[in-house]
């Protein structure tokens, strides 16, 4: 390989994977997925027929239509969490309520599997918050935000600013007289502790 060899671009699979990763990180992905997965057993089990050898077991209940409605609504709420992030709190609360209703209506919430998945998805949707963009994170890490940004003198006056990763100096100095006080406490350290002489 020589210095004149052109740099190869990222392959198609890697590019697709990175785009999906970016898309997934900008929305409550796992909340929507758990909510949709929770809707499937809730809607499926009342209409399912199990075969054990020659014996068939039907789990049809009088609330079959209610189970189907709850399952379809949970799948719809999961898609809403993915594509309408602004309504994530409403969708999460609605998913939690539908999961609780499914305990009574749909064979103990799809034999507890659908109930737990929908409940977890709703809780994740309510607690999810969008992250800060990379450019905004760099500005806040550089110390440009906060009450003293822009050069305004704060309570510390002309106190030197701490380096990144170091604790900030105290706002108020608790310095004792030069020789210390009667109990031997000297000046305050930059982290708030006292040195004893």
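Applying the criterion of being part of a helix (DSSP H, G or I) and exposed (fewer than 15 other Cβ atoms within 10 Å of the Cβ) to the residues of the stretch 61-75, the residue that is modelled with the highest pLDDT is 72. Taken together, the residues in the stretch 33-60 that are at pLDDT 80 or above and either in contact with a strand residue (DSSP E or B) (Cβ under 6 Å, 6 or more places away or on another chain) or over 24 Å from residue 108 (Cβ atoms) (or both) amount to 2. A single member of 114, 151, 138 is at pLDDT below 95, part of a helix (DSSP H, G or I) and outside the structural domain of residue 76 (by TED's automatic domain parsing), and it is 138.
The values are calculated or read from the model by the stated rules, or taken from the named source; none is laboratory data. Predicted model only: the values in this text are computed from it and were never measured. Cβ: placed from backbone, ideal geometry, glycine included. Neighbour counts: every protein chain shown.
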